[in-house]
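S.K.: Structure below; questions to follow.
The values are calculated or read from the model by the stated rules, or taken from the named source; none is laboratory data. These numbers come from a predicted model, not from an experiment. With ideal geometry, Cβ positions are generated from the backbone for all residues, glycine too; neighbour counts draw on all protein chains shown.
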Amino acid sequence: MQSLINLMRKLPPAVSYIQKLEDVHLTGPTFNIGNSIDALLSADIFFDILKDGKYKLDNGNLILQNTEFGCIISGNTSRFSSGSLHCGLITRDFESLNDTLKSFWEVEEIVPTKFVSDELKKCDEHFLKTMIRDTNGRFCVEMPMKDSDIELGQSKPTAIRRLKMLERRFVRESDTKYKHVEYLQEYGDLDHMQRIKDEEPGLHYYIPHQAVIRPESKTTKLRVVFDA
C-alpha cells in the first residue's frame, strides 16, 4: 500500500497536456494529486466495472475509459521519458553453492559402520571358515550352532506317552498299524532311522510322532509326521 502511495506522489502536478474534459464525469477529478487510496480492485473485479465508452485523448497516449464509477484515465504521458527502459525481474531463492556441495558430499559420504555384536562376528567367522563350493557350483555352509549346551528338557517321557497313545489307536485300527509299521520299515531300509539303546550317552532329544491318514492320496495313504 505504501509503495502505491509513493508512486502516486510522482505523478505530474498539472493536467495541461490533457484536452478539456468539462463534460466528462471523472471518478477522481484530482487524480493528478497524491492522496490516500480509497479502494484497491483486483483484476477479476476491475473488468466487471468497465462499460462501453473508450476514447483516445489528443496526445494519443492517454485513454479515457467509462466505468460504473465514472470515467478513468490511463496511459503514458510526455512528462515521463519515453526512452526509459522498463523491465521485469522474477527472483527465486536458490541454495548457495556451498550448501549444494555440502548436500552432495553428504549423499556420497560412506555411512559409518554400526556396532556389530560378538554373536554376529562369530557368524561371519563361521561363514568364512566353513563355506565351500561343491562340484555343481553351489555354495554350501555349515549350520552355525551355539557353543553352550542347549536346554532341551525331559523329552523322552513325552515321546513314550505319545507312542503309547498311538499303540492304543492301532488296537482299533489294524490297517493303520500295518501301514505305520510298513512306513517305518521303509525309513530303516533307507537309513533314515536306526534302533538305539535304552540309554544313549550325550545330549539327545526325543521327537514324538503321529500317523496321518490320507485316504484320497493315490501314492501314500499314510505318512509319519514328527512334532518338529
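S.K.: Identify, please: which residue in the stretch 58-76 is in a loop (DSSP other than H, G, I, E, B) and either of a type in the set (Lys, Arg) or at pLDDT 75 or above (or both) and is, among those, farthest from Asp48 (Cα to Cα)?
M.R.: Phe69
S.K.: Within the group Arg133, Arg79, which residue is modelled with pLDDT of 80 or more and touching a Phe, Trp or Tyr at 6+ places or on another chain (Cβ under 8 Å)?
M.R.: Criteria check complete, one pass: Arg133.
S.K.: Filter the stretch 173-228 down to the residues that are among the hydrophobic types (A, V, I, L, M, F, W, C) and over 55 Å from the mean Cα position of the chain (by Cα), then identify the one that is surrounded by the most Cβ atoms within 10 Å (Cβ to Cβ).
M.R.: Val181
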